[in-house]
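**Student:** Just dropping this structure here.
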Amino acid sequence: MSAPGAILAGMGVGLNAVRAEVFRVKPAKPIPSAHKHSGDSETEKHTLKGAISAVGHYLDELGLKAGDTSAEIFEALKMLLEDEDLFETAATQIDEGWSAATAFIMAVDEFGELLAGDAAFEERLADLRDLAKRVAAHIHGIHLGLDLPESGSFVLVGEDFSPADTAQFTKAVVGVITTKGGPTSHTAIICRSKSIPAVVSCSEATELLDGQMVLVDPVGDRVVVDGDESMATKTISFVAKSVEPIIPVRANIGSLSDAITAATTAANGVGLFRTELLYLSATSMPSVQAQAASYAEILKAAPEGPVVVRTIDAGSDKPVPFLNMPHEENPALGVRGYRLIQDHRQFIVDQLTSLEIAREQSGREVWVMAPMIATAEEAIEFGSLARKAGKFKVGVMVETPSIVMALSDLKNQLDFISVGTNDLSQYLFAADRMNSSLGALLNPWQPALIRALAKIAQDSDAANLSSGVCGESASDPAFAVVLAGLGFKSVSASMSQVGAVRSALSAVSAEQAKQIAQLALSSVSAEQAKSKVLAALSNL
Ligand code: PEP
Ligand code: MG
């Protein structure tokens, strides 16, 4: 048990502190091990059908609660769960004498072995195993939900939360603490978008007990056991120096409803439209007409200003079923992003063609960029494909250390670059962004990342490339000031953070931002960089 007054360090998400009671997520009862049924195969098959249908309804509910892009994830899961062949494989096991629950788990394992090598399926296998567990739990009357309170105010404490978990968050969840996970974890992204204060990667939180009061203090990157609101690290209240921020603040979007929401913020256009999010559950390739129609709708709805569209960034953490990508031992280092040109050149060309149709229909200013570029040749090849396809400003994302070292070779070849700090951190620190134990290395305040960013801004200027940042780091108002001070010409933030980032960038002069960036550059640890910058911003 943590003593009152104890300070548990982690990484903060959000700007407001909250004090509430701890609610620990309980581990579910174990599912009984493999066993045989008592002889009636037909009844077992009926039981299995019923359990599959119940879990299917549960996925529908989660999809409804989650809305938008996440809803598509749950639809795709349901298709996997209700696959006829899967049921037939389980039925054969039931005929062999295995119980409904055991037979379904065996069928999923058999599928896993049969389809080993099919990357699109393998990436979903963990999801399917989780669903098989839910089917078995339903059959045994075991409840796997988080059982969150509907009323009152609680700080949820757990290891890390999956999309299915976060979709169950009720109004009573006013704060979140995870012992693992980092600044780009699913928990962090959802808490940021729902404005729930959180501290992630807080390993000592394993000691917290149900009912203990805690202060979740995201600005201070800490949890204070039994702390009260007066102990919260002060959010800097920025005093505007000018109406407009020193550099434009754009919004990140992934769907039509995001574009509509973004238009209600003060965002100056869109700095990252993640096109692959439209296709996470598509099993057949969308035609040029279908793509052009969705892009045109999104362009028309987007906030005023340029719209930066990224060509498909499939692979690794974003599987797109219709691309049937081959199995890879290490997909984050594999054929993802622009590397899809090897086998799917036509899809990238079609995407650019569709975007040109949508650009003409909407009358919007469209910039296009390719993700996961590693060499100047790739960047130049993409530039010529895009210029052939339409009247765009053309650029690439900077997400790999190799392209950081090659920016000068892009002089006068492209119009802009946009830094994806989520992936750049992953590749710079050799720290898998999906590994919830490596959060500290993915902290954008790491001085090595900040120094890489300084080089990118400088080399881009020298190469006549306009430079922006669209990774999660640009959603932190204080970090956005550092980015402006390093010389970036725009930032693009999560929609919920556009207002806060604009306030910070309206409270400093360009000269002050430069001095603040120097403080971050001269730090020796992430903690020191952040605290020096926050101190300077508080004393403006
Ligand atoms: C990034 O890597 O920072 C980025 C913006 O792209 P994504 O998070 O979609 O990979
Ligand atoms: Mg990326």
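**Student:** What shape does region 41-140 have by the C-alpha gyration tensor, where a ≥ b ≥ c are the square roots of the eigenvalues, rounded means a/c under 1.5, and otherwise prolate means a/b greater than b/c and oblate the rest? Show your work: numbers first, answer last.
**Tutor:** On the way: a/c = 2.53, a/b = 1.33, b/c = 1.90.
Note, shape of region 41-140 comes out oblate.
**Student:** Here is a further query. State the dimensionless ratio Rg/Rh of region 249-538 (Rg: radius of gyration of Cα atoms; Rh: Kirkwood radius).
**Tutor:** Values: Rg = 18.2 Å, Rh = 19.1 Å.
My calculation puts Rg/Rh at 0.95.
**Student:** Also, quick follow-up: For the pair M231/T375, report the inter-label distance in nm, with labels modelled 7 Å from Cα in the Cβ direction.
**Tutor:** Taking the two extended label points, one gets 5.6 nm.
**Student:** Summing -39500 (n - 2.57) over the DSSP H runs of n ≥ 4 in the chain and dividing by its residue number, what mean residue ellipticity at 222 nm do you reach, to the nearest 500 deg cm²/dmol?
**Tutor:** Result for the chain: -13500 deg cm²/dmol, rounded to the nearest 500.
**Student:** Please give the FRET efficiency for E150 paired with Q346, using the beta carbon to beta carbon distance and R0 = 45 Å, rounded to the nearest 0.05. Before the final figure, lay out each step's value.
**Tutor:** On the way: r = 50 Å, r/R0 = 1.12.
Plugging the Cβ-Cβ distance into 1/(1 + (r/R0)^6) gives 0.35.
**Student:** Here is a further query. Tell me, what are the semi-axes, in whole angstrom and largest first, of the equivalent ellipsoid of the chain as set by the roots of 5 times the Cα gyration tensor eigenvalues?
**Tutor:** On the way: eigenvalues 316, 202, 74 Å².
Taking √(5λ) for each Cα gyration eigenvalue gives 40, 32, 19 Å.
**Student:** If you take every DSSP beta bridge fully contained in the chain, what fraction is antiparallel? Give it as a percent rounded to 5. Don't skip to the answer; put the middle values down first.
**Tutor:** Numbers: 17 of 55 bridges.
The antiparallel proportion sits near 30 percent.
**Student:** While we're looking at this one, here's another question. Could you compute the net charge surrounding A167? Neighbours are other residues with a C-beta less than 9 Å from the C-beta of A167; K and R count +1, D and E count -1.
**Tutor:** On the way: positive: K65; negative: E61, D165.
Net charge around A167: -1.
**Student:** Among the listed pairs K36/K180; K241/K391; K489/K532; K29/K65; K180/K318, which have their C-alpha atoms separated by more than 27 angstrom in this model? It would help to have the intermediate numbers written out before the result.
**Tutor:** On the way: K36/K180 38 Å; K241/K391 37 Å; K489/K532 23 Å; K29/K65 25 Å; K180/K318 21 Å.
Beyond 27 Å between Cα atoms: K36/K180; K241/K391.
**Student:** Tell me the accessible surface of E297 in square angstrom (1.4 angstrom probe, heavy atoms of protein chains only), to the nearest ten.
**Tutor:** Here the accessible area works out near 100 Å².
**Student:** Just subtract the alpha-carbon distance of K391 and Q168 from 0.36 nm times their residue separation and send over the number in nm, one decimal.
**Tutor:** Details: separation 223, 0.36 × 223 = 80.28 nm, distance 4.41 nm.
Stretched fully, the K391-Q168 segment lengthens by 75.9 nm.
**Student:** A further question on this structure: With a 10 Å radius around each residue's Cβ, average the other Cβ atoms per peptide and rank 398-404, 138-144, highest first.
**Tutor:** Working: 398-404: 20.9, 138-144: 15.4.
Highest to lowest by the protection proxy: 398-404, 138-144.
**Student:** Compute the FRET efficiency between R451 and A9 as 1/(1 + (r/R0)^6), taking r as their Cβ-Cβ distance and R0 = 22 Å, and round to the nearest 0.05. Can you show the working numbers first?
**Tutor:** Working: r = 24 Å, r/R0 = 1.08.
That gives a FRET efficiency of 0.40.
**Student:** Using the alpha-carbon centroid of each, what span in Å lies between region 399-447 and region 296-325?
**Tutor:** Region 399-447 and region 296-325 have Cα centres separated by 20 Å.
**Student:** List, in order, the whole-Hz ³J(HN,Hα) value for each residue of region 394-401 obtained from phi through the Karplus relation with A = 6.51, B = -1.76, C = 1.60 and θ = phi - 60°; use x for Gly and Pro.
**Tutor:** Per-residue couplings from phi come out as 10, x, 9, 7, 10, 9, 10, x Hz.
**Student:** A further question follows. Over the chain, what percent of the accessible surface lies on carbon and sulfur atoms, probe 1.4 Å? Could the numbers behind the result be given before it?
**Tutor:** On the way: 11680 of 22010 Å².
That share works out to 53 percent.
**Student:** Report, by chain and number, residues whose modeled amide H sits under 5 Å from the one on A20, excluding near sequence neighbours (fewer than 5 apart, same chain).
**Tutor:** Correct list: V214, V216.
**Student:** Give the accessible surface of the chain per residue, rounded to a whole number of Å², with probe radius 1.4 Å and ligands, DNA and RNA excluded.
**Tutor:** On the way: 22010 Å² over 540 residues.
Computed with neighbouring chains in place, this is 41 Å² per residue.
**Student:** Using the Karplus curve 6.51 cos²θ - 1.76 cosθ + 1.60 with θ = phi - 60°, what ³J(HN,Hα) values do you get for each residue of region 483-491, in whole Hz, with x for Gly and Pro?
**Tutor:** Calculated HN-Hα couplings, in order: 4, 4, x, 6, x, 5, 9, 6, 10 Hz.
**Student:** All other residues with a Cβ under 15 Å from the Cβ of S475 taken together, and with Lys, Arg as +1 and Asp, Glu as -1, what is their net charge? Intermediate results must be reported in sequence, preceding the final value.
**Tutor:** Details: positive: R192, K194, R250, R274, R502, K530; negative: D258, E472, D476.
Once all neighbours under 15 Å are counted, the net charge is +3.
**Student:** Let me ask something additional. Cα centroids of region 172-241 and region 347-362: how far apart, whole angstrom?
**Tutor:** Cα centroid of region 172-241 versus Cα centroid of region 347-362: 42 Å apart.
**Student:** Applying the Karplus parametrisation 6.51 cos²θ - 1.76 cosθ + 1.60 with θ = phi - 60° to the phi angles of region 358-373, what ³J(HN,Hα) value in whole Hz is obtained for each residue in order, glycine and proline being reported as x?
**Tutor:** Taking θ as phi minus 60°, the curve returns 5, 4, 5, 5, 8, x, 8, 7, 10, 10, 10, 9, 9, x, 6, 8 Hz for region 358-373.
**Student:** Here is a follow-up. Considering Cα pairs under 8 angstrom that are at least six residues apart, work out the relative contact order of the chain and quote it in whole percent. Don't jump to the answer; show the numbers that get you there.
**Tutor:** On the way: 1150 pairs, mean separation 84.0, N = 540.
RCO, the chain: 16 percent.
**Student:** What is the extension gain from N16 to A290, computed as 0.36 nm multiplied by their sequence separation minus the C-alpha to C-alpha distance, in nm to one decimal? Could you put the intermediate results ahead of the total?
**Tutor:** Values: separation 274, 0.36 × 274 = 98.64 nm, distance 4.22 nm.
Length gained, N16 through A290: 94.4 nm.
**Student:** Tell me the label-point distance for the pair S38, H327, using the 7 Å Cα-to-Cβ offset, in nm and rounded to one decimal.
**Tutor:** 4.0 nm
**Student:** Continuing with this model, one more query. Ranking request for peptides 387-397, 328-338, 305-315: highest mean number of other beta-carbon atoms within 10 Å first, then the rest in descending order. Please list the in-between numbers first.
**Tutor:** Numbers: 387-397: 19.8, 328-338: 17.2, 305-315: 24.5.
Ranked by mean Cβ neighbours within 10 Å, highest first: 305-315, 387-397, 328-338.
**Student:** Would you tally the net charge around I142, using a Cβ to Cβ cut-off of less than 10 Å, leaving I142 out, and scoring K and R as +1, D and E as -1? Mind dumping the intermediate values first?
**Tutor:** Numbers: positive: K29, K133, R134; negative: none.
Once all neighbours under 10 Å are counted, the net charge is +3.
**Student:** Based on the mean of other beta carbon atoms within 10 Å per residue, what is the order of 32-39, 222-229, 149-156, most packed first? Before the final figure, lay out each step's value.
**Tutor:** Numbers: 32-39: 10.8, 222-229: 19.6, 149-156: 16.6.
Per-residue Cβ counts within 10 Å, averaged per peptide and sorted highest first, yield 222-229, 149-156, 32-39.
**Student:** Once both labels are modelled 7 Å past Cα along the beta-carbon direction, what's the N435-L64 spacing in nm?
**Tutor:** Inter-label distance under the simple model: 4.1 nm.
The values are calculated or read from the model by the stated rules, or taken from the named source; none is laboratory data. Fair warning: this is a prediction, and the values are worked out from it, not measured in the lab. Don't worry about glycine lacking a Cβ; one is built from the backbone with ideal geometry, like all the others, and counts go over all protein chains shown. Please note that ligands, DNA and RNA were not included when accessible areas were found on the heavy atoms of the full protein model with its side chains. Shrake-Rupley method; radii C 1.70, N 1.55, O 1.52, S 1.80 Å.
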